[in-house]
Structure formats: structure tokens, C-alpha cells
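The values are calculated or read from the model by the stated rules, or taken from the named source; none is laboratory data. This structure is a prediction, so every number in the text was calculated from the model and none was measured. Methodologically, a virtual Cβ is constructed for each residue, glycine included, from the backbone with ideal geometry; neighbour enumeration extends over all protein chains shown. With ligands, DNA and RNA removed, areas are computed over all heavy atoms of the protein, side chains included. Shrake-Rupley method; radii C 1.70, N 1.55, O 1.52, S 1.80 Å.
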Amino acid sequence: MSKNIDTLPEKNPLSFQLDLSKWEKASSEEKEQQIVERESVTFFKDGMRRLWKNKVAITCAFLLIFVIIAVAVIPAFYPYTYDQQLGIAEKGKVPDSSYNNLGPMEYSNTELQMIEEGKDVFPHLLGTDSLGRDYFIRVIYGTRISLSVGLFASIIVLCIGTLYGSIAGYFGGKVDLIMMRIVDIIYSLPDMLMVILFSVVFQQTLAPIIEGTFFSKLGTGMISIFLVFALLYWVSMARLIRGQILSIKQQEFILTAKALGAKPGRIIKKHLLPNCISVIVISTALQIPNAIFTESFLSFLGLGVSIPMPSLGSLASENLSYIYSDVYRLLVPALTICLIVLSLNLFGDGLRDAFDPKQKK
């Protein structure tokens with residue numbers, strides 16, 4: 001018959017060092033006190049919680065929302081339009097050149113006379129340009145055009161690059177070989193040369209096609225920018241998505257989904273792409289400023305938005321000659337581009353950190 005070890009200290013020296021009472025089994029009440037239940041949340045809700053903790057990203061998000069609301073609302077209440085030349089004379093009257101090249105909060109001779117007569121005159125917040133057009137509303141419209149080009153171009157790149165890269169990475173083999181050789185061919189083409197070439201060709205061929213349609217309001221320049229992005233700028237996104245999927249598709253949960261009979265489309269949609277969300281988000285966020293810079297470059301060469309519609313790039317190029325006199329004309333669109341690009345980059349980093357499944361605790 002075995003003896004209790006507590007009654008034999010001389011044969012169990014460890015009993016002098018350990019308090020055996022602390023090693024007794026926990027009671028049911030003590031176990032319940034240790035249970036910490038975690039609320040069941042979705043992937044999106046959990047990512048949004050972590051995003052709200054990133055103060056820099058949230059500040060940039062609110063700044064972008066403020067800019068978007070401003071460019072959408074201000075033109076509806078502002079008394080001037082982006083193409084209105086205030087100094088143009090009516091029939092039988094002499095043109096008023098005092099509207100040209102006004103400084104911030106300055107008035108023309110005609111407006112000063114109206115103020116003396118007791119009439120209300122809305123000031124030119126940033127003055128006027130050499131043609132008598134209000135510069136503030138042109139910056140607002142330029143910001144709207146640049147944001148629109150960046151947003152739609154990034155959506156086009158996201159859709160084409162994600163679809164192409166996911167198919168190539170999942171199926172592999174000859175499918176991947178053929179698809180990625182096409183990507184290599186497009187990637188080896190000189191970007192700027194092809195952008196200029198396609199823009200010139202599209203502007204000449206699209207003009208008679210879109211004449212009299214809704215697309216004629218956008219102009220051939222903006223449509224050609226979208227087509228250029230759809231043809232050339234998706235390859236980087238496709239290569240990134242393919243690389244991520246190649247590293248993920250061999251993991252156990254993908255093999256389990258295949259064994260359970262899940263179709264390739266469901267596996268890509270439900271399992272592979274959510275685990276590529278960090279790459280997708282940061283690439284899309286960086287694509288917007290890239291599109292804005294490309295549009296600015298084409299507008300500088302006269303291949304961007306159609307005159308008189310402004311963009312931030314065309315405003316900066318038009319007012320480059322005022323760098324030594326009215327430097328604010330160059331600084332306002334340039335700083336607006338910098339502010340938008342910086343906010344997009346920081347917000348994209350915050351989204352990547354928040355929605356990356358690998359960083360989930």
C-alpha cells in the first residue's frame with residue numbers, strides 16, 4: 001500500500017521546497033473567473049477598430065473627406081465659374097482689363113464702382129489669372145478633376161491587375177507562364193513614350209467617335225488617360241498579387257478548401273484575396289498619386305484635360321512664369337498636390353496595418 005508523500009519528508013526532499021497546496025486543482029468557481037470571452041467580430045469590423053486607433057491615418061482620412069466635400073459643394077454656391085472671363089465686354093462696350101491679374105481679395109475698377117454704389121460684390125479669394133478668371137474656383141475645379149482622374153484610374157488598375165494576377169498565381173504552370181510573359185512585354189515598354197503615343201493616337205481617333213455623346217463632356221484627353229492606365233499601368237499590381245498568391249496557395253487552409261470541393265473562384269475570392277489585402281490597399285493608395293502625376297505631366301504637354309477645364313497640373317504649368325512675381329499662383333496647386341499625395345500615402349499605410357490578417361492578434 002502506497003504511503004502519502006507528505007508523511008515521508010525524509011524520502012521526498014522536494015516537499016521542503018514546494019508548497020503542494022498551491023498545486024491543487026482549481027474549483028469550478030475559480031475556472032469561471034479566468035474565462036475571458038472575446039466578442040465575435042467580422043474581419044471588416046476588427047480592421048476598422050484597429051484603424052481608429054491610428055490617429056495619423058484617421059486625420060488624413062478626415063482631411064481627404066474635407067477636400068472631397070469642398071470640391072463637390074463649393075462650385076454650387078460660388079458666384080464665379082472656372083471658365084468665366086470677367087473682363088470680356090458686351091457688344092458696344094470696351095473690355096475691362098482691370099479684371100486681369102488681380103491679387104488675393106482685390107477688386108477690379110468696375111467692382112470698386114459697384115461697391116461705392118452700395119452693391120454687394122463677392123471678392124476674388126485668390127485673385128484672377130491673366131484672362132480675368134477667378135483663380136480660387138479654378139483651383140477647386142482642378143482639384144476635382146485631379147482627384148477624379150486618380151480615383152477612376154486606380155479603380156481600373158485595381159480591377160484589371162487583381163483579376164489578372166490572381167488567375168496567373170492560382171493556376172500556375174503554362175497559364176502562369178503565358179500570362180506573365182505578356183506582363184513582361186508590357187513592363188519592358190518605355191512608360192512615358194507609350195503614354196504620349198497612346199494619348200496622341202486616342203485623342204485623334206476618339207474625337208469623331210464620342211462627338212455628341214456624354215463622353216464628349218469629359219473630353220478626349222481625360223478618356224485617353226483612362227485608356228492608357230487600362231493598357232499599361234496594371235502590370236505592377238498584377239505582379240504583386242501573383243507573388244502573394246503563390247506564397248499563400250500552398251498553405252494548409254487552401255489545401256483544405258480544395259479537399260472540401262471549393263471551386264477556384266471561391267478560393268480566390270474568399271481565401272486568397274483577403275490575405276492579399278495589405279498589398280492591394282497600399283498599391284491602390286499609391287496608384288492614385290501616380291495617376292495624378294501622370295495626368296499633370298500630360299496636361300503640361302497639352303495631352304491632358306481639354307482647355308478651358310483646369311487640373312492641378314495644368315494650373316501649375318500655366319503659372320510657372322509667375323514664380324518671381326505672384327508665386328502663390330504656383331504654390332497653391334503645387335501644395336494641394338503635395339497635401340493630397342501625402343494624405344493618401346499615410347492613409348494607405350494605416351489601412352495596410354489595420355487590415356493585414358498577419359498582424360491580427
Worksheet item: Asp349: accessible area at probe 1.4 Å, nearest 10 Å²?
Response: 50 Å²
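Carbon-plus-sulfur fraction of the accessible area of the range 112-165, 1.4 Å probe, in percent? Intermediate values should be presented prior to the final figure.
Numbers: 1580 of 2320 Å².
The computed percentage sits at 68.
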Practice prompt. For the range 275-324, give the percent of accessible area contributed by carbon and sulfur heavy atoms, probe 1.4 Å, rounded to a whole number.
Written response: 70 percent
Discussion item. Please give me, ordered by residue number, the chymotrypsin sites (Phe, Trp or Tyr not before Pro) of the range 291-327 that lie in loop per DSSP and have at most 16 other Cβ atoms within 10 Å.
Written reply: Tyr324
Discussion item. Before I look further, what does the range 46-117 give for accessible area per residue, probe 1.4 Å, in whole square angstrom?
Written reply: 68 Å²
Worksheet, complete the sentence: Expressed in square angstrom to the nearest 10, the accessible area of Trp52 with a 1.4 Å probe stands at 140 Å²
Worksheet, complete the sentence: Pseudo-spin-label distance Met48 to Leu255, built 7 Å along Cα→Cβ, given in nm, is 3.7 nm
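Under the Kirkwood approximation for Rh and a Cα-based Rg, what ratio Rg/Rh is obtained for the range 118-197?
Rg/Rh: 1.34.
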Discussion item. Residue by residue through the range 230-239, what is 3J(HN,Hα) from phi via Karplus (6.51 cos²θ - 1.76 cosθ + 1.60, θ = phi - 60°)? Round to whole Hz and write x for glycine and proline.
Written reply: 5, 8, 10, 8, 8, 5, 5, 4, 4, 5
Discussion item. Through the Karplus equation 6.51 cos²θ - 1.76 cosθ + 1.60, θ set to phi - 60°, convert the phi angles of the range 293-304 into ³J(HN,Hα) values in whole Hz; use x for Gly and Pro.
Written reply: 5, 5, 4, 5, 5, 5, 5, 4, 8, x, 10, x
Worksheet item: From the residues Gln287, Leu260, Gly243, which one has its Cα farthest along the dipole of the range 242-312 in the positive direction, the dipole being from +1 and -1 charges on Cβ of Lys/Arg and Asp/Glu about the Cα centre?
Response: Leu260
Worksheet item: Which residues in the range 167-185 place their backbone N less than 18 Å from a point set 7 Å from the Cα of Ala262 along the Cα-to-Cβ direction?
Response: 167-172
Worksheet item: Long-range amide H contacts for Arg133: which residues qualify at under 5 Å (H placed 1.01 Å from N, peptide plane, sequence gap of 5 or more or a different chain)?
Response: Leu86
Worksheet item: Which whole-number percent of Cα pairs in the range 51-170 have a distance greater than 26 Å?
Response: 46 percent
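Quick check on packing: order 68-80, 275-287, 132-144 by the mean number of other C-beta atoms within 10 Å, highest mean leading.
132-144, 275-287, 68-80
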Discussion item. Run the paramagnetic zone check for Ala72: 7 angstrom along Cα to Cβ, then residues of the range 46-63 with backbone nitrogen under 17 Å.
Written reply: 61-63
Discussion item. With +1 on the Cβ of every Lys and Arg and -1 on the Cβ of every Asp and Glu, and nothing else charged, how large is the dipole of the range 248-337 about its Cα centre, in debye rounded to the nearest 20?
Written reply: 820 debye
Worksheet entry | Residue-wise HN-Hα coupling along the range 261-270, computed from phi with Karplus coefficients 6.51, -1.76, 1.60 (Hz; x: Gly, Pro) | x, 5, 6, x, x, 5, 4, 5, 6, 8
Worksheet item: Counting only protein heavy atoms and using a 1.4 Å probe, what share of the accessible area of the range 181-253 belongs to carbon plus sulfur, as a whole percent?
Response: 67 percent
Worksheet item: What do you get for Rg/Rh of the range 256-361 when both radii come from the Cα atoms and Rh is the Kirkwood radius?
Response: 1.24
Response to the item:
Once Lys and Arg are counted +1 and Asp and Glu -1 for all other residues with Cβ under 11 Å from that of Gln84, the total becomes 0
